[in-house]
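Right, one structure below, let's go through it.
The values are calculated or read from the model by the stated rules, or taken from the named source; none is laboratory data. Since the model is a prediction, treat every value here as computed from it, not as a measurement. Cβ atoms come from the backbone with ideal geometry, glycine included; neighbour counts cover every protein chain shown. For the accessible areas, the whole protein counts, side chains as well, though only heavy atoms, and no ligand, DNA or RNA atoms are used. Shrake-Rupley method; radii C 1.70, N 1.55, O 1.52, S 1.80 Å.
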Amino acid sequence: MITFGKGWLRNCLLAAISATAWLGSAAAQSMDADLHALPKRLLLLQSYGQNFQPFANWTTEVRSALVRQSPWPLSIQEHYVETAISGGAAPEARFVDYLSALYQDAPPDLVVTFGAPASRFVQKYRSLLFADVPTLLAAVNVRRVDPSMLSAKDAVVGTLVENVPLFENILRLLPQTETIAVIIGNSPPEQYWVKEVQRQLRPLLGDKVALRFYNERRFGEMLEDLEHLPPRSAIYFQQMMVDGAGVVYGDKDPLKSIVAVANAPIFTFDQSLFHGGVVGGPMTSPVDGARSIAEVVVRMLGGENPGDIHVPAIAFAQPKYDWRELRRWGISESRLPPGSEVVFRQPTPWQAYPWQMALIGAAVLLQGGLIAGLLRERRRRHSAETTARQRMTELAHTNRFSTAGEFSASIAHEMNQPLGAILSNAEAAQIILKSPAPDLPALKEIVDEILHNDLRASEVIRRIRSLLKKAPFEASDFDLKDLANETLEFLSALARGRKVDLSGEIASDPLPVRGDQVQMQQVFLNLVMNAIEAMKDLPSERRSLIVRTSREGGYAEFSVSDSGPGISDDKLKQVFEPFFTTKDDGMGMGLSIARTIVTAHDGQIVAKNREGGGATFCVSLPLRA
Ligand code: ADP
């Protein structure tokens, strides 16, 4: 009989615990096995050489796609089928020996070839090297894959590089093209492409476009020709592994040298070569291609039968164009096929430096506003100045009228003299004419006298008219010395009438100044009238008035000195203020107007007291250069 006692339960528990522990350790062991799994071994065989484009770029892109896409760690080896450069059998055999020495005992899990020379090499030496290793022929032009050479272990991810759409692109952008320089080297695979391009393009180009090949020329000669291509030329760059002299250029970025000298736009077939200097168009994309290749690599490493893997060949990507090259060669974007992408667009200054541009714009606006404000202010000031000058002219005119009023007695006196002389001369002439034998010489003398007195009277009238004429401010060049002499003459009658001893000390050399003569004469008159006024209470023998002119540095000076009471020191400045007067019938405008006129002439007027009594008013005006 079976009994289920305490011991049984304990045993069951122990068994359960140990089973759980075992399962746990088994799971842990399996995880450990994954983490420490041996990496899958991948051998990449690239055509031509390590730096040969576009394959160098394709292998780089495939490596980085595998990092993202492979679920296993990978050990990747890379070799270069450089024997394709010469095509010689002997180096190829040595290369085979080298690879077999490396991989005989530990063959890779997968071989991936890049380009036609590498794919041909593997297919040719498969039995010697990797008889049982699956092989992926990648980045090889489908035209270059011989289906009869494919084994059950081969898969292909080819490229579909057709020359016709590449050249159609050139003619679409540049319909006037007459010459296309085709850059293909002279290694055996390249010689194939020279023939292939000629064959494929004949129907498209006919006689319209001439093709130039350089495979039999030296690289330097080719560069020289590309520098001097005829107008309406284009350049198509395919590859330049070896030049006509057998020199290898493929790993030295030959396209860069071509871009540096070419005088025509350059086109190519693969985006690996599209990095400045190339116009663009339909091109294979190594990024897209690498994604597809990496996908197949993972499937093959995962054990999928290579013969069952069929992926479409990698066609041209959407056309891409370099904005800088389009501008350089004057190609309008309207010529590009629909769906094209334009890259390397240079941003406008607004896009590149938005806030700096905004700042500059704001500064310019601010400055513009400031300038506009200043200009408005200047205009306002100008018009205010014009108005002020007009007012001053009007005031000065009124002032001259009142001065003339004070003159009236002396003017009448001055006019009386010549008129009286004319009358007495005329009467004398009448008497002579009544005599039977008139004294003709005496008559002539009398007529001369009449004429002379008439001229004197006209001169008085002219002076009065010019003083009273209402004219706007009118600047002219004049001699201050002449003006002083004329004014002295003008005032001599008045001085005589007021019993003032008027004398002049006028400089002999000229004093050229610029300004309004009538206004400046008014300054003279105001000062002289004030001086005569100031001396009216003195006995006539002490009334002395001196007008002086002189040259002081760059200034012409004139002064009016009297022997009157002078001006108390605290009033020396005040006398120029408008409406300042000490006279019962005074207006207080004479000196204020004089100062306004002198200042408008860039000059100065000051009042001083003379040592022996009396006042001096001194005016200085800038001498004309
Ligand atoms: P007004 O002659 O109408 O008073 P002005 O402006 O010509 O106005 O003169 C202002 C004042 O300056 C005069 O009232 C007078 O007191 C003083 N003044 C002007 N010239 C002289 C002078 N030569 N001697 C003394 N005082 C003078």
Item to complete: Return a yes/no flag: does segment 395-410 have any residue that is over 18 Å from Ile597 (Cβ atoms), surrounded by 11 or more Cβ atoms within 10 Å (Cβ to Cβ), at pLDDT 80 or above and of a type outside the set (Val, Ile, Thr).
Response: no
Item to complete: Within segment 304-337, work out how many residues are of a type outside the set (A, V, I, L, M), in a helix (DSSP H, G or I) and open to solvent by less than 70 Å² (accessible area, probe 1.4 Å).
Response: 4
Item to complete: Just one of (1) at pLDDT 90 or above; (2) open to solvent by less than 30 Å² (accessible area, probe 1.4 Å) trips up Leu129, so point out which.
Response: (1)
Worksheet item: Only one of (1) surrounded by 17 or more Cβ atoms within 10 Å (Cβ to Cβ); (2) out of contact with any helix residue (DSSP H, G or I) (no Cβ under 7 Å at 6 or more places or on another chain) is not met by Glu489, so which one is it?
Response: (1)
Practice prompt. Those residues that are aliphatic (A, V, I, L, M), open to solvent by 10 Å² or more (accessible area, probe 1.4 Å) and in contact with a strand residue (DSSP E or B) (Cβ under 6 Å, 6 or more places away or on another chain), I need them from segment 512-547; list them, please.
Written response: Ala534, Ile546
Item to complete: Among the residues of segment 416-451, write down those that are surrounded by 12 or more Cβ atoms within 10 Å (Cβ to Cβ), within 22 Å of Gly497 (Cβ to Cβ) and either at pLDDT 85 or above or of a type in the set (A, V, I, L, M) (or both).
Response: Leu419, Ala421, Ile422, Leu423, Ser424
Item to complete: Filter segment 610-625 down to residues that are open to solvent by less than 60 Å² (accessible area, probe 1.4 Å) and either within 11 Å of the ligand (Cβ to nearest atom) or more than 25 Å from Glu385 (Cβ to Cβ) (or both), then give me how many there are.
Response: 6
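Yes/no per residue for (1) open to solvent by 80 Å² or more (accessible area, probe 1.4 Å); (2) within 25 Å of Phe237 (Cβ to Cβ); (3) at pLDDT 85 or above:
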residue: Gln50; (1), (2), (3): yes, yes, yes
residue: Ala65; (1), (2), (3): no, no, yes
residue: Ser75; (1), (2), (3): no, no, yes
residue: Thr83; (1), (2), (3): no, yes, no
residue: Arg94; (1), (2), (3): yes, no, yes
residue: Val112; (1), (2), (3): no, no, yes
Practice prompt. Look through Leu9, Leu38, Leu13 and report the one residue that is assigned to a loop (DSSP other than H, G, I, E, B), at pLDDT below 85 and not acidic (Asp, Glu).
Written response: Leu38
Practice prompt. Scan segment 472-505 for residues that are closer than 29 Å to Gln417 by Cβ and assigned to a loop (DSSP other than H, G, I, E, B) and jot them down.
Written response: Arg498, Lys499, Val500
Worksheet item: Scanning segment 548-592 for residues that are exposed (fewer than 15 other Cβ atoms within 10 Å of the Cβ) and of a type in the set (Asp, Glu), which turns out farthest from the ligand (Cβ to nearest atom)?
Response: Glu552
Worksheet entry | Lone qualifier among Leu545, Leu525 - being touching a helix residue (DSSP H, G or I) at 6+ places or on another chain (Cβ under 7 Å), of a type in the set (A, V, I, L, M, F, W, C) and at pLDDT 95 or above | Leu545
Worksheet entry | Val343 open to solvent by less than 70 Å² (accessible area, probe 1.4 Å) and of a type in the set (Val, Ile, Thr) | yes
Item to complete: Can you give me the number of residues within segment 587-608 that are touching a residue at least 24 places away in the same chain (Cβ under 8 Å) and of a type in the set (S, T, N, Q)?
Response: 1
Item to complete: Spot the failing condition for Met357; the list is (1) at pLDDT 95 or above; (2) surrounded by 12 or more Cβ atoms within 10 Å (Cβ to Cβ), and only one is missed.
Response: (1)
Item to complete: Look through Ala534, Ala625, Ala594 and report the one residue that is touching a helix residue (DSSP H, G or I) at 6+ places or on another chain (Cβ under 9 Å) and within 30 Å of Ser508 (Cβ to Cβ).
Response: Ala594
